[in-house]
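Peer 1: Sharing a structure below in structure tokens format, with a few things to ask.
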Amino acid sequence: MSKTYVVIVESKDGKLRQVSLEALHAANLLREDGDNLTAVLLGHQMDDTAAELARHVNGQVLVVDHPELQAYQPELAFEAAMQALAALPDEPRLILLGHTAIGRDLAPQLAARLACGQISDVTAITKDGDGISFTRPLYAGKAFEQTRLSDGTGIVTLRPNNLPPADPASAAGTIVPLEFTPPTPLSIILKDVVRKVSGKVDLTEAKIVVSGGRGVKSADGFKVLEELADSLGGAVGASRGACDAGYCDYALQIGQTGKVVTPEIYIACGISGAIQHLAGMSQSRIIIAINKDPEAPIFKVADYGIVGDLFEVVPLLTEQFKQVFA
Ligand code: FAD
């Protein structure tokens, strides 16, 4: 019997989020001939975004376009997602979302309403006979577990940057608009969205992250990190030490109580490497540490270490990268 896979797709400023394309790739890996794929897109004035999404979906693109869905509001997004799922002919085998702020909010609400299981923060998916095995980190990344959904159906959130994105050339999805009736009365009224950080590259999806710690010493000190990140097309992150000291916004914090990142390259500058920081970055493919203390614990997890003053080392690296990528 054919199965249905659903991906709830996120977009930001009209652009599809990379992690949603990675979730589509995961669905493509799992589906077999005859299985259905539906991408659900929630938002407002989504024509271009839906057209772009259709290029990645070998199946249907359900678009719930409504002014109330312009910005994420948990109650409305949940209701819109439920209405989209209700419009499907079959109960989905798997609903995939990104392990983002939105995915982490929406997935448990859906799991509770649908009375199904949920597996969070998945970094790898393997077909296991007729079943599916999901790998997820435990104990702040110190161990991994392989787990399954007890009856094989449920909801999964995927950590960004662990799977390749769906190939845009491989599909021509059918766009299906869906009427949305917002619930009334709403218990949350969204007044305004205030964006504190307007990073050029999204931190959780960046391929290269340049992170600063207390060793950066001031908000001004972060400028050298921004220049390095710009030269590499990366994003700037921070330790809690740097955030607590007021050198940067908490939106940049990486770690146990901050964001989790899995970039190709993580450059830690003036960060000691506390366990709570490692929880947010230790799965990075290549870790480069710059620290003037040769005994700093960050060097234990680093693939490459530079013992030195970051204010001397970082500008030299920026200079070199600018020449290479000019
Ligand atoms: P420090 O530990 O002070 O390290 C600064 C480093 O900079 C030192 O190694 C020093 O040698 C180096 N340095 C100084 N000057 C220079 C220079 N000029 N050039 C090169 N190197 C230099 N932390 C997080 O990061 N993320 C979290 O999510 C998080 N959550 C936490 C949750 C809990 C419940 C608790 C208790 C703590 C949490 N922490 C978190 C805090 C964590 O324990 C550390 O205190 C914090 O990570 C330290 O930040 P740091 O490495 O920037 O500062």
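The values are calculated or read from the model by the stated rules, or taken from the named source; none is laboratory data. Just so it is clear, the model here is predicted, and its values are computed rather than measured. Note that we place each Cβ from the backbone using ideal geometry, even for glycine, and neighbour counts take in every protein chain shown. When the accessible area is computed, the model is the full protein with side chains, heavy atoms only, and any ligands, DNA or RNA have been set aside. Shrake-Rupley method; radii C 1.70, N 1.55, O 1.52, S 1.80 Å.
Peer 1: Here are some pairs, LYS12/LYS322; LYS15/LYS191; LYS15/LYS200; LYS292/LYS322; LYS223/LYS322; which of them have Cα atoms lying more than 18 Å apart in this structure?
Peer 2: Details: LYS12/LYS322 29 Å; LYS15/LYS191 23 Å; LYS15/LYS200 13 Å; LYS292/LYS322 24 Å; LYS223/LYS322 16 Å.
Pairs exceeding 18 Å: LYS12/LYS322; LYS15/LYS191; LYS292/LYS322.
Peer 1: Among LEU178, LEU186, LEU96, determine the one that fluctuates most according to a GNM of the chain built with springs between C-alpha atoms less than 10 Å apart.
Peer 2: LEU186
Peer 1: Segment 22-91: percent of C-alpha pairs farther apart than 20 Å? Working shown, then result.
Peer 2: Values: 808 of 2415 pairs.
Of the Cα pairs, 33 percent sit more than 20 Å apart.
Peer 1: While we're looking at this one, here's another question. State the extension gain, in nm to one decimal, for the chain segment bounded by GLN276 and ASP33, taking 0.36 nm per residue of separation less the distance between their alpha-carbons.
Peer 2: On the way: separation 243, 0.36 × 243 = 87.48 nm, distance 4.39 nm.
Difference between extended and current length: 83.1 nm.
Peer 1: Then there is this: Which whole-number percent is the relative contact order of segment 211-257 (Cα, under 8 Å, 6+ apart)? It would help to have the intermediate numbers written out before the result.
Peer 2: Values: 60 pairs, mean separation 19.4, N = 47.
Taking the mean separation of contacting Cα pairs over the length of segment 211-257, I get 41 percent.
Peer 1: In whole Å, largest first, what are the principal axis extents of the Cα atoms in segment 116-214?
Peer 2: Answer, in whole Å and largest first: 48, 47, 37 Å.
Peer 1: Next question. Calculate, for THR147 and ALA326, the FRET efficiency according to 1/(1 + (r/R0)^6) with r their C-beta to C-beta distance and R0 41 Å; round to the nearest 0.05.
Peer 2: Working: r = 47 Å, r/R0 = 1.15.
Using R0 = 41 Å, I get an efficiency of 0.30.
Peer 1: Taking the C-alpha atoms of segment 169-326, how large are the radius of gyration and the largest Cα-Cα span, Dmax, in Å?
Peer 2: For segment 169-326, the Cα-based Rg and Dmax read 18.9, 61 Å.
Peer 1: Work out how much length GLU75 to ALA219 would gain on full extension: take 0.36 nm times their residue separation and subtract the Cα-Cα distance, in nm to one decimal.
Peer 2: Working it through step by step, the gained length comes to 48.1 nm.
Peer 1: When the convex hull of the C-alpha atoms of segment 1-144 is computed, what volume per residue in Å³ does it have? Mind showing how you got there, number by number?
Peer 2: Values: hull volume 16.7 nm³, N = 144.
Hull volume over Cα atoms, normalised by residue count, gives 116 Å³.
Peer 1: Once you keep just the Cα pairs under 8 angstrom separated by 6 or more residues, what percentage relative contact order results for the chain? Intermediate results must be reported in sequence, preceding the final value.
Peer 2: Numbers: 707 pairs, mean separation 48.1, N = 326.
Relative contact order here is 15 percent.
Peer 1: So, by mean Cβ neighbours within 10 angstrom, what's the order for 113-126, 42-55 with the highest one leading?
Peer 2: Working: 113-126: 16.8, 42-55: 18.4.
Sorting 113-126, 42-55 by mean packing, highest first, produces 42-55, 113-126.
Peer 1: Among GLU264, GLU179, GLU79, which one shows the highest mean-square fluctuation when the chain is modelled as a Gaussian network with alpha-carbon springs under 10 Å?
Peer 2: Looking only at GLU264, GLU179, GLU79, the largest GNM fluctuation is found for GLU179.
Peer 1: Just subtract the alpha-carbon distance of VAL193 and GLU312 from 0.36 nm times their residue separation and send over the number in nm, one decimal.
Peer 2: On the way: separation 119, 0.36 × 119 = 42.84 nm, distance 3.89 nm.
Extra length available between VAL193 and GLU312 comes to 38.9 nm.
Peer 1: What's the magnitude of the charge dipole for the chain around its Cα centre, counting Lys and Arg as +1 and Asp and Glu as -1 at the beta-carbon? Answer in Debye, nearest 20.
Peer 2: On the way: 28 positive and 39 negative charges, 143 e Å.
Rounded to the nearest 20 debye, it is 680 debye.
Peer 1: OK, next. Using +1 at the Cβ of each Lys and Arg and -1 at the Cβ of each Asp and Glu in the chain, identify which of ALA274, VAL7, THR135 lies farthest towards the dipole's positive end.
Peer 2: Checked the options; the winner is ALA274.
Peer 1: Kindly give the semi-axes, whole Å and largest first, of the ellipsoid equivalent to segment 127-184, taking each as the square root of 5 times a Cα gyration tensor eigenvalue. All intermediate terms of the calculation are to be shown ahead of the outcome.
Peer 2: On the way: eigenvalues 175, 73, 48 Å².
Calculated on Cα positions only, the semi-axes equal 30, 19, 16 Å.
Peer 1: How far is helix 74-86 tilted off the main Cα axis of the chain, in degrees rounded to 10, range 0 to 90?
Peer 2: 40 degrees
Peer 1: For the Cα atoms of the chain, what angle does the longest principal axis make with the long axis of helix 222-232, in degrees from 0 to 90, nearest 10?
Peer 2: Tilt relative to the chain: about 60 degrees.
Peer 1: Using a/c under 1.5 as the rounded threshold, could you call segment 5-61 rounded, prolate or oblate? The axes a ≥ b ≥ c are square roots of the C-alpha gyration tensor eigenvalues, and prolate needs a/b larger than b/c, oblate otherwise. Mind showing how you got there, number by number?
Peer 2: On the way: a/c = 2.44, a/b = 1.82, b/c = 1.34.
Prolate.
Peer 1: Then there's this: Given the -39500 (n - 2.57) contribution per DSSP H run of 4+ residues, what per-residue ellipticity at 222 nm results for the chain, rounded to the nearest 500 deg cm²/dmol? Numbers along the way, then the final one.
Peer 2: Details: 9 runs with 88 residues, N = 326.
Result for the chain, helices only: -8000 deg cm²/dmol.
Peer 1: Please work out whether segment 233-324 counts as rounded, prolate or oblate from its C-alpha gyration tensor, where a ≥ b ≥ c are the square roots of the eigenvalues and a/c under 1.5 means rounded, while otherwise a/b larger than b/c means prolate and anything else oblate? Walk me through the intermediate numbers first.
Peer 2: On the way: a/c = 1.40, a/b = 1.31, b/c = 1.07.
Note, shape of segment 233-324 comes out rounded.
Peer 1: Would you mind working out the accessible area per residue for segment 31-144, using a 1.4 Å probe, and quoting it in Å²?
Peer 2: Values: 5030 Å² over 114 residues.
Spelled out: the 1.4 Å probe surface of segment 31-144, per residue, equals 44 Å².
Peer 1: Considering the zone a paramagnetic label at LYS200 would reach in this model (a point 7 Å from Cα along the Cα-to-Cβ line), which residues of segment 218-246 have amide N under 18 Å from it?
Peer 2: Only 222-238 pass the distance filter.
Peer 1: How big, in percent, is the set of alpha carbon pairs in the chain lying more than 25 Å apart?
Peer 2: On the way: 28375 of 52975 pairs.
Cα-Cα pairs in the chain separated by more than 25 Å: 54 percent.
Peer 1: With a 1.4 Å probe and every protein chain kept in, tell me what percent of the accessible surface of the chain is carbon plus sulfur.
Peer 2: Numbers: 8230 of 15960 Å².
For the chain, the apolar C and S fraction of the accessible surface comes to 52 percent.
Peer 1: Let me ask something else about it. Which order do you get for SER11, SER150, SER133 if you rank them by accessible area with a 1.4 Å probe, largest at the top?
Peer 2: Numbers: SER11 40, SER150 130, SER133 10 Å².
Accessible-area ranking of SER11, SER150, SER133, largest first: SER150, SER11, SER133.
Peer 1: Could you compute Rg(Cα) / (2.2 N^0.38 Å) for segment 265-308, with N its residue count?
Peer 2: Normalised Rg, Cα atoms only: 0.97.
Peer 1: How large, in Å, is segment 78-165 by the Kirkwood hydrodynamic radius built from its alpha-carbon pairs?
Peer 2: Details: mean 1/r = 0.0732 Å⁻¹.
One decimal place: 13.7 Å for the Kirkwood radius.
Peer 1: Please report, in debye to the nearest 20, how large the charge dipole of segment 218-326 is about its Cα centre when each Lys and Arg carries +1 at its beta carbon and each Asp and Glu carries -1 there.
Peer 2: Details: 7 positive and 13 negative charges, 67 e Å.
Dipole about the Cα centre, nearest 20: 320 debye.
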